[in-house]
Amino acid sequence: MKKTELIFVPAPGAGHLVSTLEFAKRLLDQDDQLLITLLLIKMPASLLFIDSYVKSLTASQPRIQVIDLPEVEPPPMEILLKSPEYYFCEFIESCLPHVKDMVSKILSSAADSTTHHQVAGLVIDFFCVSMIDIANEAGLPSFIFLTSNAGFLGLMMHLPNRHQQISSSAYKMSDSDDELLIPGIADPVSPRVLPIALFNEHGGYTSYVKLSQRFKDAKGIIVNTFAELEAYAVEYFVGDVDDHQTPAVYPVGPVLNLKSLPHPDLDLAQWHKTMKWLDEQPQSSVVFLCFGSGSGSFSALQVKELALGLEQSGDKFLWSIRVPPSTEFKNPEEMLPDGFLERVHGRGMICGWTAQVEVLAHKAIGGFVSHCGWNSILESLWFGVPIVTFPIYAEQQLNAFRMVKELGLAVELRSDHRIGGDPVMADEIARAVKSVMQSDDGGLRKRVQEMGDKARKAVMNGGSSFLSIRQFLNDIKGSA
Ligand code: UPG
C-alpha cells in the first residue's frame, strides 16, 4: 500500500510542542502507512528543552523524521517589550523562507523516492498560519493543530468579523460592559477575560487579527479537546451550526504526554524528595500550585501573597515557583516572606520545574491552583483534580472563565487576573484553596472525576476523539 507523509511544523515552546508531537504519535498509532516529517523551529529560549524532548520522542519512533530548520536571528528586543505575541509572530515570519525551501525539498524527494509515497499536507501550529501560503504554492492542503480549545477557536473565528464590521481597533478594557457573543461559547463573554494581546495597540492586536484571518484558509482545524468536554462548541463547529463558515474541525483530545518530560530545569534530587514527601501524605490532602512552562511571571509581592494565602488556608501544599528572569532574586526562597518556610515546615514544599503530570497523577494531590494553560487543564481533568483558577497571560482568562461558568469544573479565584495587574491577596487565595480542599461545595470533585473518565473513553478505540482522528486520516488520504 502507498505510504502517506505529513509535514508537521509545531511552534517552539513546551505548551505547543508537546501536544503537537503527541498528536503525531497518535496518528502513527492509528495508521501504519503514515510517515511524519517534523520541521523543527528552534528558539533560543527553549532550545535545550526542545532538543532533549524531541530526541527522547523520536528515539522510539522510526516513522518520525526530524529536520532542524536553520536558526534565525530573533527579532529586536524592543518588539518583545511591545508585545510577546507580536514578537513571536515576527519570529515565525522570519522562518518562512527556510520552511518553504524544506517543503520543496521534501516534495522532490518524495517524487524521486523508490517507495514513491505521497505528501498529504502540512500540519501547522496556529502561530504558523502564514505557512498556509507555502502549502498552497506547493499544492498541499494545510491543517491547523490548535493546542488550545474549541472556545478559543470561536474567538479566532469571531475576530476577523469584528475587525472588519465593527471596529478595526484593539479592544478596550472600558468596553467591559459590552459583553461579546462569540461563536461556540455558550455564555456572553466580558472583554475582561479576552487575551491581553487584544488590548495591545503596539502590534499585539494586529498580530492576533492576522492569525485569525488565516483560519478559514486551512483545510481543517484539529483541536486538542473532546466532544464530551466542550459539548456546546463542538456541536457548533462539528455539527455545522455555523453553516460551514469554519473549515472541517477535528476534536482529537485530550492529547497529553502522560510521562514526565525530560526537562533541563528538573532537579532530580529535589524531585525524588518531593515524591517521597507526597507518598507520605494522605489521599487528596495536598494542593499543588504550578503556573505553566514559561519562566516565572509573578511579582515579588504576588509571591508573598500566595505564600501568606497558603499559610492561612492551613492546607498542605506543593508549590512550583520559578524565579522571573531579570530580577534581583537568584532562587525562589529569596522571594518568600521571612520565616515562611520554617512556619510551614512539614506541611508545605516548594520546588522549581517539576514533572507536572506525575504530580497530578499522585493520590495525595487534591487540588490544583493553575494558570489555566490548556494542557494543564486537560491534565488535571484527566487525573480528576479540581482546579482553582489563577490565569496570567495568553488565552488563560478565557479558559478560566469557561471552566467556571460554562463547564462548572473549577473554583474561581480569579478569571480576569493578568500579568502586571493588581495582585491577588492572601485572604482570597486562602478562601479559594479551602473551598477546593475542604468543602467541595456542589460536588465539584465528582464532576471533575466524571469528566476525567469521559476523557479516557474519548481517546480509547471507538471513542469520540479516536473516531475523529480516523476521520482526519481518511480525509487526508482522500485529498492526497
Ligand atoms: N509543566 C511541567 N512542569 C512544570 C511546568 C509545566 O511538566 O513545572 C508542563 C505541564 O504539565 C504542561 C505544560 O508544561 O504539559 C504547560 O502547558 P500549559 O498548561 O498549556 O501552559 P503554557 O506552557 O503556559 O502553554 C501555552 C500558553 C497557554 C496555552 C497553551 C496551549 O501559555 O495559555 O493554553 O500554550 O496553547
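Please treat every number below as a calculation from the coordinates, not as lab data. All values reported here derive from a predicted model rather than from experimental measurement. Here the Cβ is made from the backbone with ideal geometry for all residues, glycine too, and neighbour counts use every protein chain on show.
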Extension gain, residue 457 back to residue 65 (0.36 nm per residue minus Cα-Cα distance, nm): 138.1 nm
3J(HN,Hα) from dihedral phi, region 245-255, Karplus parametrisation 6.51/-1.76/1.60, rounded to Hz, x for glycine, proline: 6, 9, x, 3, 10, 10, x, 10, x, x, 9
J(HN,Hα) series, region 340-350, from Karplus relation 6.51 cos²θ - 1.76 cosθ + 1.60, nearest Hz, glycine and proline x: 4, 5, 5, 5, 9, 3, x, 10, x, 10, 10
C-alpha center-to-center spacing [region 394-444, region 1-80] in angstrom: 33 Å
Among 15, 61, 268 - extreme Cα towards positive end, dipole of the chain, charges at beta-carbon: 61
Cβ-based exposure ranking for 316, 2, 273, in which fewest neighbours within 10 Å come first: 2, 273, 316
Residue exposure sequence - 382, 271 - by fewest surrounding Cβ within 10 Å: 271, 382
At q = 0.07, 0.08, 0.09, 0.19 Å⁻¹, base-10 log of I(q)/I(0) for region 268-455 (Debye sum, equal scatterers on each alpha carbon): -0.17, -0.22, -0.28, -1.43
Label-point separation, residue 136 to residue 331 (7 Å along Cα→Cβ), nm: 5.5 nm
Contour excess over end-to-end distance, with Cα ends at residue 216 and residue 301 and 0.36 nm allotted per residue: 26.3 nm
Equivalent ellipsoid dimensions for the chain as semi-axes, Å, which come from the Cα gyration tensor, largest first: 36, 25, 23
Net length gained if the chain between residue 445 and residue 109 were fully extended (0.36 nm per residue, minus Cα distance): 115.7 nm
Shape of region 287-329, Cα gyration tensor, a/c cut at 1.5: oblate
Amide H contacts under 5 Å for residue 124, placed H, 5+ residues apart: 9, 143, 144, 145
17 Å reach of a label modelled at residue 101, 7 Å along Cα-to-Cβ, counting backbone N of region 66-85: 67-74
Estimated dipole of region 134-200 in Debye, rounded to 20 [Cβ of Lys and Arg +1, of Asp and Glu -1, Cα centre]: 120 debye
Total charge dipole magnitude, region 268-455, about the Cα centre, Cβ charges on Lys, Arg, Asp, Glu only, Debye to nearest 20: 320 debye
Near-label residues of region 277-301 by backbone N, under 16 Å of a point 7 Å along Cα→Cβ of residue 265: 289-300
Using a Förster distance of 60 Å, the FRET efficiency for residue 258-residue 165 (Cβ separation, nearest 0.05): 0.85
Residues with amide H under 5 Å from that of residue 317, placed H, sequence gap 5 or more: 287, 348, 349
Positive-end extreme of charge dipole, region 268-455 - chosen from 451, 285, 346 (charges on Cβ): 451
Entries in 259/316; 42/105; 2/55; 25/454; 316/446 that, when Cα-Cα distance is taken, lie over 23 Å: 259/316; 2/55
The chain: relative contact order as a whole-number percent, Cα under 8 Å and 6+ apart: 15 percent
